[in-house]
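Note sheet for the following structure.
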Amino acid sequence: MLGDDAELTAAVLAAQDGDEDAFRTVYRAVHPRLLGYIRTLVGEPDAEDVASESWLQIARDIGRFSGDADRFRGWAARIARNRSLDHLRMRGRRPAIGGDESELESEAAASDTAGEALESLATGRAMSLIAQLPQDQAEAVVLRVVMGLDAKSAAQTLGKRPGAVRTAAHRGLKRLAELLGADPGPEDGLPAPGAELGAVPPQRPGRQGSVAPAGVTHSRPSTQKDM
């Protein structure tokens, strides 16, 4: 993501006015983490296609969005989740969502092992290990840690109470700490900004009437070096 949320906020505003370069900036900043979230829902084989569908909707509806960088990430995550669940319903599958963990809401928000897992998320083995968590914990960890949403925004995305999301993230981080201690794999790292980027979806006309380029397929996108 962009180091400065003010830059992402400015890029979103410019993209709403039809600035194609700004939309590319938004895409680069948000896509790698959004793709990671989608993978926790639909799995690797279908993640790129669902991500493409999500970005087509984001491009279509961005003019109606209102808010700053944090709100945009939450808005994009909700779109991605809805598209993912639509995809799973169409395929006759469901994510393995765990039960409501609200009874554990009074549990401490952090621990030494959870803190170590959180630290490790920034450097390696993250997404493959997150995929091993129960679905509710995986979603909570990705939204809170990878997407950077606060508990309220993550709860709105998941349709849960903030306390339940905090608890699921806490339990997921504790489990990640255990997995990190047992996993001898390489430090692969989270997708870097700009990694695994495909063709940027077309924008709709901006508020000033400018029109974005057309032509994006739902096939697995290839990397664009000029972005």
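FRET efficiency for the pair Gln132 and Arg71, taken as 1/(1 + (r/R0)^6) with r the Cβ-Cβ distance and R0 = 25 Å, rounds to 0.25. Using R0 = 22 Å, the C-beta based FRET efficiency linking Arg60 and Leu13 works out to 0.80.
Only the coordinates and a few stated rules stand behind these numbers; no lab work does. Bear in mind the structure is a predicted one, so any value in this text is a computation, not a measurement. Every residue, glycine as well, gets a Cβ built from its backbone with ideal geometry; the counts of neighbours run over all protein chains shown.
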